[in-house]
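Just so it is clear, none of the values below were taken in a lab; they were calculated from the coordinates. Not measured: the values here are computed from a predicted model. Cβ: placed from backbone, ideal geometry, glycine included. Neighbour counts: every protein chain shown.
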Amino acid sequence: MTTAPSPKDPAPPAVTPLLIATDVRTAFHTARGPVQAVDGVSLTLGEGETLGIVGESGSGKSVLGRTLMGLITDGPGTSVSGSVLLGGTDVHALTPAGRRALWGTEVAMVFQDPMTSLNPVKKVGTHLSESVRLHLGLSRAEARERAVGLLRQVGIPEPSRRADQYPHELSGGMRQRVVIAMALACGPRLLIADEPTTALDVTVQKQILDLLRSLSEELRMATVLISHDLSTVAGRTDRVAVMYAGRLVEYADTAAVFDRPRHPYSSALIASIPRLDLPPHTLLPAIEGSPPDLLHPPPGCRFAPRCGRATDRCVTQAPRLAGRAGDRDTGVVACHHPLGADEEATA
Ligand SMILES: Nc1ncnc2c1ncn2[C@@H]1O[C@H](COP(=O)(O)OP(=O)(O)O)[C@@H](O)[C@H]1O
Ligand SMILES: [Mg+2]
């Protein structure tokens with residue numbers, strides 16, 4: 001029998017997060033030397049939470065996403081260290097078969113270009129029904145019904161007719177909806193969407209991002225949304241991780257990062273987002289310079305060569321991620337001279 005908790009009862013134990021990534025490092029051994037694409041990233045994500053991972057192209061977002069999935073593992077040509085716990089299971093300690101068993105049911109991924117995930121000679125419905133027959137053991141008729149239901153769930157009109165079409169008969173936006181339906185097919189607890197809208201028109205981009213948001217709410221599915229564009233994650237994720245040259249530089253509630261960015265790089269990314277309240281053709285401040293070569297990264301803060309606040313210390317000493325004492329909600333930042341610190345010191 002269960003009884004309602006009395007006010008004197010202690011708080012329920014904290015729920016174990018769905019995803020715990022600790023000090024994840026991924027390097028590729030190339031002919032020119034090691035490329036440290038992901039360099040000590042730690043993240044946690046609770047059930048049903050949404051996280052945005054943002055940063056310029058080449059900052060390690062896709063490599064991180066694939067390492068979290070266990071698509072990139074330690075092996076010839078690649079070093080992976082740290083740990084990724086998904087629902088308590090260490091993804092990188094599993095056998096290849098063990099990892100495959102997680103894909104679709106625990107974690108699924110949506111990639112940038114829908115055509116890479118779709119077989120042009122297979123009907124739309126078959127993509128979905130094959131996967132649910134395999135993983136969920138449904139009959140042919142049940143699988144067909146589930147496939148049509150999934151297409152309806154991702155907002156595809158006339159799902160029964162669409163199920164009998166081939167991928168090329170659908171628009172880019174509809175194809176990406178099919179790929180999202182494939183990712184949802186076996187009810188994963190975590191969805192990783194890597195630049196899911198980059199190949200699409202602007203209006204379609206918004207529809208797909210809104211669809212992902214509403215699906216993650218409706219299905220209580222944790223979602224990682226990867227984008228080079230910070231405005232993509234605004235209002236659509238609970239938290240945001242800003243990456244620069246393989247490292248996290250800021251990790252906090254999304255609204256807090258937009259209102260009060262603390263890392264100069266986050267602040268520069270926000271300043272470069274086009275705004276409707278500015279007159280048309282206003283020049284936006286671009287971030288001067290380019291990210292470092294990951295074969296020869298600078299020894300201190302990797303953003304220092306492009307940062308207006310950098311001092312000698314930034315050039316020689318890499319800053320660690322740290323929060324403001326006693327205030328968990330402001331998140332963490334890796335900067336020797338974070339924005340807002342001056343005001344804090346004088347407050
Ligand atoms: N298979 C690979 N071999 C060597 N370097 C790679 C490989 N995949 C990615 N990289 C490098 O890792 C870095 C991060 O890449 P990526 O994660 O794709 O960046 P992002 O997704 O943020 O644009 C880049 O410098 C890229 O060139
Ligand atoms: Mg990428």
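Annotations
- Simple label model, 7 Å out from Cα along Cβ direction - D210 to R100, nm: 4.0 nm
- Contour excess over end-to-end distance, with Cα ends at D277 and T44 and 0.36 nm allotted per residue: 80.4 nm
- Evaluated with a Cβ-only charge set (Lys, Arg +1; Asp, Glu -1), the chain carries a dipole of roughly 760 debye about its Cα centre, given to the nearest 20.
- For the stretch 246-289: relative contact order, % (alpha-carbon pairs under 8 angstrom, 6 or more apart): 31 percent
- The slack between E218 and E130, meaning 0.36 nm per residue of separation minus the straight C-alpha distance, is 29.2 nm.
- If the segment from E288 to E142 were pulled out straight at 0.36 nm per residue, it would be longer than the present Cα-Cα gap by 47.0 nm.
- T198-R313 FRET efficiency (beta carbon distance; Förster radius 41 Å; 0.05 resolution): 0.65
- Only one residue of Q207, H168, L276 has its Cα farthest out toward the positive end of the dipole of the chain, where Lys and Arg carry +1 and Asp and Glu -1 on Cβ, and that residue is H168.
- Unit charges on C-beta of K, R, D, E only; dipole of the stretch 137-263, Debye: 220 debye
- Reported value for the chain: 202 Å³ per residue, from the convex hull of its C-alpha atoms.
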